[in-house]
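First the structure, in the form of structure tokens, and then the observations on it.
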Amino acid sequence: MSDAVPSGDDRRPRWYGRRHGHRLRKGRQDLVTGLLPKLRIVPPSDGGRLDLFGLFADPVAEIWLEVGFGAGEHLAAQARANPNVGLIGCEPFVNGVASLLARIRDDDLTNIRIFDDDARLLFDALPDAGFNRAFTLFSDPWPKKRHHRRRFISPQTLDSLARVLGDGAELRFASDQMGYVSWALRHVTGHRNFAWPARGPEDWRRRPGDGFETRYESKARAQGARCVYLSFRRRPR
């Protein structure tokens, strides 16, 4: 996943990552043309808030959010494992969206909806305390100091996440870049609305038992990198 920052006085974030990769094969392009419009989330034009539960044809008990789902491995796996949960995934990279659409088709998943743009553009349309869980996994760490402002974890996005997460909701962050891990830990624990309930090293050295590996995580492990998994809780209002 790539990140963005506000562009001057323009409310639309300036995008720094890629939106397109290699040309899509016909089958994948057909999914983008035919299936995506049925699953795409469109913020209300009047500036109102979305009815999250109303996005899903079948009743769901909870709503989870993944920001920057990459190729959709984790999002699709969570959807398979939790058919009673509605999952909203945000990803502007067209090739990644197409990969997720193929998983949705192949596994006949009905509990995923997609916002194929920068998640920040969706935040204003999300209701207060609407999510029980949120994920930001192996997003672009923007390692150069002058690029740190492009990182997804920031005071501004944490304010937005604090608003849309319900009391006690979980925010999961994972990365193999220790600079970004330190950054995230400092910013999230420094935010008045989040707590880090870890009790020991095993709480951040191991992926949560109900988590699933992403492509970026697999690549990092293959290169011998150490991955860190941070789980935060939204404090009660």
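The values are calculated or read from the model by the stated rules, or taken from the named source; none is laboratory data. As the structure is a prediction and not an experimental result, all values here were calculated from the model. A quick note on method: Cβ atoms are made from the backbone with ideal geometry, for glycine too, and the neighbour counts reach across all protein chains shown.
Considering Ile104, Ile114, the condition of being of a type outside the set (Gly, Ala, Ser), touching a Lys or Arg at 6+ places or on another chain (Cβ under 8 Å) and crowded, with 20+ Cβ neighbours inside 10 Å is satisfied by Ile114 alone.
Considering segment 1-56 alone, what residues qualify as being among the small types (Gly, Ala, Ser), modelled with pLDDT under 90 and surrounded by 11 or more Cβ atoms within 10 Å (Cβ to Cβ)?
To start, the set of residues in segment 1-56 that are among the small types (Gly, Ala, Ser) comprises 2, 4, 7-8, 17, 21, 27, 34, 45, 47-48, 54.
Now narrow it down to the ones that are modelled with pLDDT under 90: 2, 4, 7-8, 17, 21.
Matches in segment 1-56: Ser2, Ala4, Ser7, Gly17, Gly21.
Cβ separations smaller than 7 Å between residues 6+ apart or across chains give the following pairs from segment 162-179 residues that are of a type in the set (Ser, Thr, Tyr) to residues that are modelled with pLDDT of 95 or more and in a strand (DSSP E or B): Ser175/Val228.
Part of a strand (DSSP E or B), free of Cβ contacts under 8 Å to residues at least 60 places away in the same chain and either out of contact with any Leu (no Cβ under 8 Å at 6 or more places or on another chain) or surrounded by fewer than 17 Cβ atoms within 10 Å (Cβ to Cβ) (or both) - does that describe any residue in segment 83-94? Yes, there is a match, as at least one residue in segment 83-94 is part of a strand (DSSP E or B), free of Cβ contacts under 8 Å to residues at least 60 places away in the same chain and either out of contact with any Leu (no Cβ under 8 Å at 6 or more places or on another chain) or surrounded by fewer than 17 Cβ atoms within 10 Å (Cβ to Cβ) (or both). Of the residues making up segment 143-155, those that are closer than 29 Å to Ala79 by Cα and touching a helix residue (DSSP H, G or I) at 6+ places or on another chain (Cβ under 8 Å) are Arg151, Ile153, Ser154.
Just name the residue that is nearest to Val67 (Cα to Cα) out of those in segment 199-217 that are surrounded by 13 or more Cβ atoms within 10 Å (Cβ to Cβ) and over 16 Å from the mean Cα position of the chain (by Cα).
Start the filter on segment 199-217 by keeping residues that are surrounded by 13 or more Cβ atoms within 10 Å (Cβ to Cβ), which leaves 203-204, 207, 211-217.
Checking which are over 16 Å from the mean Cα position of the chain (by Cα) leaves us with 203-204, 207.
Details: Asp203: 22, Trp204: 20, Arg207: 18 Å.
So the residue we want is Arg207.
For segment 32-56, enumerate the residues that are part of a helix (DSSP H, G or I), closer than 23 Å to Phe93 by Cβ and not aliphatic (A, V, I, L, M). Thr33, Gly34, Pro37, Lys38, listed by residue number. Applying a threshold of 7 Å to beta carbon distances and a minimum spacing of six or more residues, or different chains, the list of pairs starting in segment 203-214 at a residue that is farther than 16 Å from Val181 by Cα and at pLDDT 95 or above and ending at one that is hydroxyl-bearing (Ser, Thr, Tyr) and surrounded by 12 or more Cβ atoms within 10 Å (Cβ to Cβ) reads Pro208/Tyr229; Pro208/Ser231.
So, in segment 149-169, of the ones that are within 21 Å of Asp210 (Cβ to Cβ) and out of contact with any Pro (no Cβ under 9 Å at 6 or more places or on another chain), which residue ends up surrounded by the fewest Cβ atoms within 10 Å (Cβ to Cβ)?
Of the residues in segment 149-169, the ones within 21 Å of Asp210 (Cβ to Cβ) are 161, 165-169.
Among the residues that remain, those that are also out of contact with any Pro (no Cβ under 9 Å at 6 or more places or on another chain) are: 161, 165-166, 169.
Values: Leu161: 27, Leu165: 26, Gly166: 17, Ala169: 21.
Applying the filter and picking the extreme gives Gly166.
Each residue in segment 22-50 was checked for being under 22 Å from the mean Cα position of the chain (by Cα) and without any contact (Cβ under 8 Å) to a residue 12 or more places away in the chain, and 3 of them qualify.
Scanning segment 41-87 for residues that are aromatic (Phe, Trp, Tyr) and under 27 Å from Phe138 (Cα atoms) turns up Trp64, Phe69. Restricting to segment 143-193, and then to whatever is hydrophobic (A, V, I, L, M, F, W, C) and farther than 24 Å from Asp124 by Cβ, can you tell me which residue is farthest from the chain's Cα centre (by Cα)? Ranking the qualifying residues of segment 143-193, first place goes to Met178. The helices (runs of 4 or more DSSP H) located wholly in segment 95-198 that include 1 or more residues which are among the charged types (D, E, K, R) and modelled with pLDDT under 95 occupy 120-123.
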